Amino acid sequence: MGKLGRPRASEPFVWGSLLWAIALVMASRPSIAAEMKPVTNTAFEHYIALNEERIAADDRKGNFLVIDRLSPDARQKTYAELRQGKLFIEQNHIKDDGRNVPIPDGLTHDWTGIVFIPGATLVETLSLLQDADHYQDIYQPSVRRSHLVSWGENQLKISEQFYHKTIVTIAVNTDFDAHYKFLDSDHLVCWAHSTRAAEVDHVGQPDERELAPGDGHGYLWRMNTYWHIEQKDGGVYLQVQTIALTRTVPIALEWVVAPLVKSIPRGTMQGFLTTTRTTITKRNAEKSAALAGPSEPSPQTASRR
């Protein structure tokens, strides 16, 4: 199971630097391209199907959040720590009949995080999820551009450009088809599947151009996100699972990349959850202040008038 820890400053979006480790080792070999093969995509689809079957099985058992699978004592302790401001983060390894799921020529990056947002409501949290036009403001610099493409009944189509700059600059234009559903007045789920991911070459330069999906360096080929929002205990528990597909790492470089592929996503998940909590809390405070109107002057101030 995952570990709890106090949030620390980090880049906000998990996928914004999930691939930093791969970018780092590829920086000295920038000409190397990696086209996504059909067999890689098929294996990822199988992994996704297994994950969604697991989510459905948890729902049938009444395990809305992953921590609901814990023993009663561990579950109570974890919920208490979340309400104290800690975060729950774990790396996932979906199994197929007890065996790992091979992804030929690809890597999956599968992480889940939970944060408690005191004073928030389910509707307020959903409002942030729907506010795609402002992702670029909330989650910069990891989201360079964002906008809501279309809005339907319980459905959103969103376009984002994920951005990361270290030794190399990575930008990926990604489109999502998101569907959300109220299970009841206190529980909501949202599944967002990427429908297109295309690397951007020469970012920020006059000759900036988008590559064909599946071409490029393989920094990000596919990504799905699963949101579970539960309102209780005077606030909202927000659980986010992100599953990304990238190119594989050359065997000769695995010893360098493996520790980074594990440590960096944990840190960025912390940053994402913290940024989301801070944003919702700030919006609620501003809304409350607006509803309250101008504050009354203190007796000392009034006496001086």
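The values are calculated or read from the model by the stated rules, or taken from the named source; none is laboratory data. Model, not experiment: these values are computed from the prediction. Here the Cβ positions follow ideal geometry from the backbone for every residue, glycine too, while neighbour counts run over all protein chains shown. With ligands, DNA and RNA removed, areas are computed over all heavy atoms of the protein, side chains included. Shrake-Rupley method; radii C 1.70, N 1.55, O 1.52, S 1.80 Å.
So here's what we get for this one:
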{"quantity": "Pick from the stretch 148-163, criterion free of Cβ contacts under 8 Å to residues at least 60 places away in the same chain and within 15 Å of the chain's Cα centre (by Cα), ranking: nearest to Leu183 (Cα to Cα)", "calculated": "Ile158"}
{"quantity": "Considering residues of the stretch 272-290 that are in contact (Cβ under 8 Å) with a residue 24 or more places away in the chain and closer than 12 Å to Leu128 by Cα only, the residue most open to solvent (accessible area, probe 1.4 Å)", "calculated": "Arg283"}
{"quantity": "Test: residue in the stretch 132-147 that is touching a residue at least 40 places away in the same chain (Cβ under 8 Å) and part of a helix (DSSP H, G or I)", "calculated": "yes"}
{"quantity": "In the stretch 87-126, residue farthest from Tyr180 (Cα to Cα) [restricted to those that are hydroxyl-bearing (Ser, Thr, Tyr) and at pLDDT 90 or above]", "calculated": "Thr112"}
{"quantity": "Spans of strands (runs of 3 or more DSSP E) in the stretch 166-240 with at least 1 residues free of Cβ contacts under 8 Å to residues at least 24 places away in the same chain", "calculated": "169-184, 187-201"}
{"quantity": "Selection within the stretch 144-199 - open to solvent by 50 Å² or more (accessible area, probe 1.4 Å) and hydrophobic (A, V, I, L, M, F, W, C)", "calculated": "Val149, Trp151, Ile167, Phe182, Leu183, Trp191"}
{"quantity": "Given (1) at pLDDT 95 or above; (2) over 19 Å from Asn51 (Cβ atoms); (3) of a type outside the set (Lys, Arg), number of the condition Tyr135 does not satisfy", "calculated": "(1)"}
{"quantity": "Extreme residue, most open to solvent (accessible area, probe 1.4 Å), among residues of the stretch 215-245 that are of a type in the set (Gly, Ala, Ser) and in contact with a helix residue (DSSP H, G or I) (Cβ under 9 Å, 6 or more places away or on another chain)", "calculated": "Gly234"}
{"quantity": "Of all residues in the stretch 86-125 being small (Gly, Ala, Ser) and closer than 18 Å to Ala285 by Cα, the one that is surrounded by the most Cβ atoms within 10 Å (Cβ to Cβ)", "calculated": "Ala120"}
{"quantity": "Ala212 surrounded by 19 or more Cβ atoms within 10 Å (Cβ to Cβ), under 17 Å from Glu160 (Cα atoms), at pLDDT 80 or above and among the aliphatic types (A, V, I, L, M)", "calculated": "no"}
